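The structure under discussion appears below in the form of structure tokens.
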């Protein structure tokens with residue numbers, strides 16, 4: 001076997017066919033958002049000269065990734081449908097969604113014995129005044145117990161109330177009414193609206209995949225049409241190899257490894273120049289339209305006047321890094337809301353500690369203290385956040401008043417409720433002038449989004465026809 | 001992929017090559033053993049590095065992952081790993097689930113990890129290595145074909161000599177590392193994670209200069225991808241060779257190069273390792289393709 005050879009087909013090798021059954025049937029599924037064309041296997045992705053490229057061809061080339069994304073889109077719709085049915089069940093049982101939420105709050109309230117046990121266990125981490133300690137702990141236990149209370153109530157209602165579901169077709173659009181709960185309609189439009197962020201994300205990813213696959217395929221089509229015209233490239237000389245190695249004195253390089261790399265790079269660069277000429281002569285035209293991202297009205301979320309809102313928590317390492325970046329070079333005033341995926345006593349306690357530390361300008365110090373504490377002997381203490389915050393805030397009295405207040409407790413829960421309503425699935429996440437942005441962000445990217453104002457950051461209209 | 005070099009050179013390659021299989025034809029292959037005793041050889045993909053929480057996530061490893069009361073309580077995803085599928089299909093009696101995989105391992109660490117089979121008598125060994133051979137600090141420092149071939153051949157020969165008759169070795173190719181890079185980059189345009197910022201942030205980053213360095217050109221990345229593909233061809237050829245030449249153990253190659261990762265499949269912590277969804281996808285592709293699949 002030769003020492004080292006770039007793969008002969010590396011410049012044109014298509015992805016190998018997946019050997020698993022991919023969800024081809026779902027490509028045709030009812031996946032589009034409102035007023036948007038369906039993405040089916042026959043959808044026209046683009047043209048290269050007179051040659052039409054359909055979605056099925058691109059999907060096969062990409063190993064079925066597009067059909068998988070469209071299947072996830074269908075799953076997101078299914079989850080949203082179930083959530084709307086749940087909301088309708090609760091609204092029917094309690095008169096309205098707001099009344100249902102209040103009833104769930106009451107159901108999640110810990111009983112006196114539970115509260116006493118928890119108080120005895122965590123007393124040293126809580127405010128000295130007994131009334132305040134009870135209030136804080138009641139809030140934490142209620143928040144932690146709320147999902148369980150909700151599940152139990154829903155299980156009971158699902159067994160008691162009438163739910164009629166429409167038959168959902170394997171392909172084609174869904175009916176306008178997807179279900180009835182005690183005769184009250186659950187409409188497709190409200191389901192789509194509730195799931196607009198995951199729906200946008202899956203469609204945008206599908207279109208991005210189609211764009212990527214189309215670009216590769218277009219190059220292949222153009223190259224095949226111009227077969228034999230690809231320029232020859234001279235291999236690197238011994239001098240080229242020696243120079244490359246000399247320029248990297250710290251690296252442990254050998255001519256045996258460097259030569260094929262340089263040869264490959266020359267061929268690849270020459271091929272790219274050649275392809276660029278072919279593309280200029282016969283421009284491939286992408287015809288798929290990218291979806292518009294959803295935008296949330298800050299007023300509706302109770303967040304008016306906050307152009308940059310950060311949703312995160314103290315347990316996530318990228319969150320710590322994000323905080324460091326934002327602190328060093330803030331692109332705008334940052335409104336912080338606690339957010340996490342799984343309800344846990346420690347996370348709720350951290351959230352409350354964060355809200356009250358922020359009130360005294362000590363949020364940064366709390367983060368620093370908590371990150372250090374997480375690696376220390378108290379790491380398992382669920383109320384570590386409260387302990388650390390109590391030790392670092394400038395005014396202890398104001399701190400104790402804050403964490404016992406209803407307003408702080410509401411604010412500690414706000415991020416969770418708003419983040420879930422938006423559909424965030426990861427931390428850190430942001431709302432930038434109402435645009436939901438998920439995941440760690442560089443400062444430049446945040447500046448770009450803030451400067452974009454009302455504009456959509458990735459408006460790629462179809463190209464050509 | 002993090003590299004913490006493990007056992008190396010504990011046995012001389014020369015001595016092992018001497019034990020390489022040579023029996024063509026010969027007796028029939030023994031009946032295939034049920035995959036009750038699972039043993040994984042691999043790198044940070046198999047340890048579930050950054051797949052859910054920061055660091056290793058054994059519970060969401062495509063090979064050894066598990067899901068029980070505590071995982072459910074803490075909201076850790078159920079990825080339907082090889083280990084879970086084995087229990088579902090063959091029951092929990094007589095099970096073993098051993099992870100020898102280590103972050104940063106390369107193909108030259110495979111033999112060191114394989115040495116552990118001696119006391120375990122596994123009936124299914126999974127091997128997924130090579131990401132760290134593709135991921136080097138210096139783009140012109142990737143292993144030669146001969147080096148990769150030697151490590152693969154030595155490891156498979158050792159497994160052949162040590163495993164119970166009728167055991168299975170399932171070797172996966174290297175996922176398309178450039179695809180992970182390309183998919184990660186695309187996320188930013190979809191209001192998703194800003195991977196370039198993550199890769200540039202050393203506190204979160206890790207060394208995979210050959211693919212992730214912002215100084216690399218597209219031609220550089222295509223070269224690394226070409227090596228990725230070439231290694232896979234070598235691995236596949238070696239697996240087929242030993243299966244053809246021997247009779248005691250079943251060897252099977254699975255194409256992981258074509259696993260169609262998309263944005264959800266990439267870790268939101270480091271923008272490069274598979275996420276829990278990505279681990280589930282690897283498990284699905286590997287199991288469906290393997291000898292115990294549907």
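The values are calculated or read from the model by the stated rules, or taken from the named source; none is laboratory data. If you're wondering where the values come from, they're calculated on a predicted model, not measured in any experiment. We place every Cβ from the backbone using ideal geometry, glycine too, and count neighbours over all the protein chains shown.
Report, by residue number, each residue of region B:180-205 that is more than 8 Å from every other protein chain (Cβ to nearest Cβ) and part of a helix (DSSP H, G or I).
B:180, B:181, B:183, B:184, B:185, B:195, B:199
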- State which residue is nearest to the other protein chains (Cβ to nearest Cβ) when the search covers only region A:176-210 and only residues that are surrounded by fewer than 18 Cβ atoms within 10 Å (Cβ to Cβ) and in a helix (DSSP H, G or I). A:193
- Task: Identify, by number, the condition in (1) within 10 Å of chain B (Cβ to nearest Cβ); (2) under 22 Å from the mean Cα position of the chain (by Cα); (3) buried (at least 20 other Cβ atoms within 10 Å of the Cβ) that residue A:261 doesn't meet.
- Result: (2)
- Quick one: in region A:280-295, which of the residues that are surrounded by fewer than 20 Cβ atoms within 10 Å (Cβ to Cβ) and at pLDDT 95 or above is farthest from residue A:239 (Cα to Cα)? A:285
- Message: Looking at region A:428-465 only, could you name the residues that are facing chain B (nearest Cβ under 9 Å) and modelled with pLDDT under 90?
- Response: A:457, A:458, A:460
- Task: Look through region B:69-84, keep the residues that are more than 14 Å from chain A (Cβ to nearest Cβ) and assigned to a helix (DSSP H, G or I), and return whichever of them is farthest from residue B:58 (Cα to Cα).
- Result: B:69
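Give, as residue ranges, the helices (runs of 4 or more DSSP H) completely inside region A:1-97 that count at least 1 residues that are modelled with pLDDT under 50, more than 14 Å from every other protein chain (Cβ to nearest Cβ) and surrounded by fewer than 17 Cβ atoms within 10 Å (Cβ to Cβ).
Ranges flagged: A:24-27.
Quick check on my filter: what residues within region B:284-294 are touching a helix residue (DSSP H, G or I) at 6+ places or on another chain (Cβ under 6 Å) and either crowded, with 24+ Cβ neighbours inside 10 Å or not in a loop (DSSP other than H, G, I, E, B) (or both)? Please lay out each step first, then the result.
Step one: of region B:284-294, the residues touching a helix residue (DSSP H, G or I) at 6+ places or on another chain (Cβ under 6 Å) are B:287, B:293.
Once the filter is applied, which keeps residues that are touching a helix residue (DSSP H, G or I) at 6+ places or on another chain (Cβ under 6 Å) and either crowded, with 24+ Cβ neighbours inside 10 Å or not in a loop (DSSP other than H, G, I, E, B) (or both), region B:284-294 yields only B:287.
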- Message: For region B:64-74, check the following and say yes or no: at least one residue is modelled with pLDDT of 95 or more, within 28 Å of residue B:228 (Cβ to Cβ) and surrounded by 19 or more Cβ atoms within 10 Å (Cβ to Cβ).
- Response: yes
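Look at residue A:247 and say whether it is exposed (fewer than 13 other Cβ atoms within 10 Å of the Cβ), over 37 Å from the mean Cα position of the chain (by Cα) and farther than 30 Å from residue A:50 by Cα. Walk me through it before giving the result.
Working: exposed (fewer than 13 other Cβ atoms within 10 Å of the Cβ): yes; over 37 Å from the mean Cα position of the chain (by Cα): yes; farther than 30 Å from residue A:50 by Cα: yes.
Judged against the criteria, residue A:247 is a match.
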- Message: Being out of contact with any strand residue (DSSP E or B) (no Cβ under 9 Å at 6 or more places or on another chain) and within 21 Å of residue B:135 (Cα to Cα): is that true of residue B:54 here?
- Response: yes
- Message: Residues to consider are A:370, A:416, A:366, A:345; find the one that is closer than 21 Å to residue A:124 by Cα and modelled with pLDDT of 85 or more.
- Response: A:366
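Which of the following residues is more than 7 Å from every other protein chain (Cβ to nearest Cβ), surrounded by 22 or more Cβ atoms within 10 Å (Cβ to Cβ), part of a loop (DSSP other than H, G, I, E, B) and modelled with pLDDT of 95 or more: B:174, B:235?
On the way: B:235 fails: part of a loop (DSSP other than H, G, I, E, B).
That would be B:174, the only listed residue that is more than 7 Å from every other protein chain (Cβ to nearest Cβ), surrounded by 22 or more Cβ atoms within 10 Å (Cβ to Cβ), part of a loop (DSSP other than H, G, I, E, B) and modelled with pLDDT of 95 or more.
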- Item | Failed condition for residue B:284, given (1) out of contact with any strand residue (DSSP E or B) (no Cβ under 6 Å at 6 or more places or on another chain); (2) more than 9 Å from chain A (Cβ to nearest Cβ); (3) at pLDDT 95 or above | (2)
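With surrounded by fewer than 21 Cβ atoms within 10 Å (Cβ to Cβ), over 22 Å from residue A:59 (Cα atoms), more than 9 Å from chain B (Cβ to nearest Cβ) and at pLDDT below 95 as the only criterion, which of A:277, A:228 stands out? I'd like the intermediate steps shown before the answer.
Numbers: A:277 fails: at pLDDT below 95.
The conditions single out A:228.
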- Message: Considering only residues that are crowded, with 22+ Cβ neighbours inside 10 Å and within 25 Å of the chain's Cα centre (by Cα), which ones fall in region A:393-422?
- Response: A:412, A:415, A:416, A:419
- Item | Failed criterion for residue B:221 (all others in (1) more than 30 Å from residue A:257 (Cα to Cα); (2) more than 7 Å from chain A (Cβ to nearest Cβ); (3) surrounded by fewer than 24 Cβ atoms within 10 Å (Cβ to Cβ) hold) | (1)
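Residue check: is residue B:106 in contact with a helix residue (DSSP H, G or I) (Cβ under 7 Å, 6 or more places away or on another chain) and farther than 21 Å from residue B:254 by Cα? Don't jump to the end; show me each part of the working.
Details: in contact with a helix residue (DSSP H, G or I) (Cβ under 7 Å, 6 or more places away or on another chain): yes; farther than 21 Å from residue B:254 by Cα: no.
The answer is no for residue B:106.
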- Message: What's the total number of residues in region A:326-339 that are buried (at least 18 other Cβ atoms within 10 Å of the Cβ) and not in a strand (DSSP E or B)?
- Response: 3
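In the list A:173, A:110, which residue meets the criterion of being assigned by TED's automatic domain parsing to the domain that holds residue A:43, over 24 Å from residue A:77 (Cα atoms) and assigned to a loop (DSSP other than H, G, I, E, B)? Let's see the steps before the verdict.
Working: A:173 fails: over 24 Å from residue A:77 (Cα atoms).
Selected residue: A:110, the only one of A:173, A:110 that is assigned by TED's automatic domain parsing to the domain that holds residue A:43, over 24 Å from residue A:77 (Cα atoms) and assigned to a loop (DSSP other than H, G, I, E, B).
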- Go through region B:241-272 and count every residue that is closer than 18 Å to residue B:172 by Cα, assigned to a loop (DSSP other than H, G, I, E, B) and within 13 Å of another protein chain (Cβ to nearest Cβ). 7
